[in-house]
């Protein structure tokens, strides 16, 4: 039986409790689903960095989009102060913030340029935007187009992004934009050219020596579609006149090429990039090429300290790699693959590698994932599989190991096929050395094809086997005067990293590379070869690098390890504008196609 309230004080107490419960629910982020209307004003603020416009409701977020898309407050600061439900499941369609226009260069070639982009700062303040559904436009996402903007600390949950030439849950077209601390979930299923979990298309353009970042972002969304470029973080990236870095990002979503037309990667589908300290846990598949980190490189690429974990299975139609499918001009170092990599041919050819599907310049890397070749074509062309890279390389391969098993295709009509513990074939002038391998009993040990008919032993290399513990390994042939695998790896690391035992069992007991902390002492230069001269040191607004090296580039880092500048060396003296840098100590590195040549410290006063 219900108890009747007869005392007025009792009634007041109950009403007070109900009011407190209502207030608690409202302040804990319970949101009324959006009905498509637009607010007349924000919750507070004046748009400055000190007092950003405050967005507390879906209607106010819609006001934000309306203003930006009509050229109002494009450079202002905004902050989210509550969770927002955009009610996409009930049919409310979100209009992306910032617009673009398409300029056709020919009937089949076009460029996308900013029209009314967002050019300010948006801080999500770790609040959630849920149930966003955006569809049918050139650039899709929470933001359609950003330009010299900053988007940070927003969580977008249960998003549904479809169609769009460029589609990403955070932003479709990002020009020179810092994207930091963003986490997304849901799905991106588009039929455009550039599709990513965080950004569809990212361009670093006309920014000189500045660096722009996608950092500390996590993609939990599936990224699929009939498209050219698919990536867990970004679909397609370009470095036209600036440095673009993706670092400390994680992909957990499945990246899938549904229409057999694309290049797919756990982090980037295709482009130019510097990718550092990233992890992939999601399955990746692409008909043209697929990689745990990147589908295909472009005119410049650097991948370091990136790992494709066991759940990040990779399947590529023509080229498949544990880290990158087709590197082109990409260097991969201090990285590793632990997942199964499958080349499943539909055009008569497969190139499969534990690190790279084909080619690549690779150092201080490992593969412990199994490699599988599938060739069901009635008229097969070729199969090439290697524990590190799946084809002869024009770059270098050194100080690497492979512990993955290689399973060859079984097609009886396949006659053109070559395999190798490290690389299936190499040429005499290639720098292939200090390579170690475990297992693969059906592949001849230390014998590699050169040009089709001549064979040679892989130089300065050895098979290895189990040692006295689960994390120790013994070389068959001593290298650097030792038969201990970790000691040999550290002797050949060229100061890029430190190899350690897998004490936590994350890599099946096999060694792992770790960053080597830079020496913070002030030195004019750390160099003995005389190949590179840095001056003046200490210096001011300009850092000069004198060297006769060709096919090399320079990287400059601050003492927090952040890359502040990267460019190709094209003249005997390369001058770098450092006027905007803060005073302090910087680490410079000159890197060629084959190795890191020299490194040192430069002091800006």
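The values are calculated or read from the model by the stated rules, or taken from the named source; none is laboratory data. All values reported here derive from a predicted model rather than from experimental measurement. Cβ placement follows ideal geometry from the backbone for every residue including glycine, while neighbour counts extend to all protein chains displayed.
Numbers for the structure displayed
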| quantity | calculated |
| --- | --- |
| Among (1) closer than 14 Å to residue 75 by Cα; (2) buried (at least 23 other Cβ atoms within 10 Å of the Cβ) - the single one residue 150 does not satisfy | (2) |
| Count of region 499-512 residues which are touching a helix residue (DSSP H, G or I) at 6+ places or on another chain (Cβ under 7 Å) and either over 12 Å from residue 334 (Cα atoms) or modelled with pLDDT under 95 (or both) | 1 |
| Condition check for residue 200: out of contact with any helix residue (DSSP H, G or I) (no Cβ under 9 Å at 6 or more places or on another chain) and farther than 27 Å from residue 46 by Cα | yes |
| Hits in region 106-123 (condition: surrounded by 24 or more Cβ atoms within 10 Å (Cβ to Cβ) and either at pLDDT below 95 or assigned to a strand (DSSP E or B) (or both)) | 118, 122 |
| Filter result (within 21 Å of residue 321 (Cα to Cα), in a loop (DSSP other than H, G, I, E, B) and modelled with pLDDT under 70) within region 428-467 | 430 |
| Residue within region 545-554 that is at pLDDT 80 or above, surrounded by fewer than 17 Cβ atoms within 10 Å (Cβ to Cβ) and on the phi < 0 side of the Ramachandran plot present | no |
| Enumeration of residues in region 90-105 that are touching a helix residue (DSSP H, G or I) at 6+ places or on another chain (Cβ under 9 Å) and assigned to a strand (DSSP E or B) | 97, 99 |
| Unmet criterion (only one of (1) without any contact (Cβ under 8 Å) to a residue 60 or more places away in the chain; (2) under 17 Å from residue 460 (Cβ atoms)) for residue 401 | (1) |
| Qualifying residue in region 178-189 (condition: surrounded by 24 or more Cβ atoms within 10 Å (Cβ to Cβ) and more than 22 Å from residue 79 (Cα to Cα)) | yes |
| Residue 267 assigned by TED's automatic domain parsing to the domain that holds residue 344, at pLDDT 95 or above and either touching a helix residue (DSSP H, G or I) at 6+ places or on another chain (Cβ under 7 Å) or crowded, with 24+ Cβ neighbours inside 10 Å (or both) | no |
| Any chance residue 470 is at negative phi, modelled with pLDDT of 90 or more and out of contact with any strand residue (DSSP E or B) (no Cβ under 9 Å at 6 or more places or on another chain) | yes |
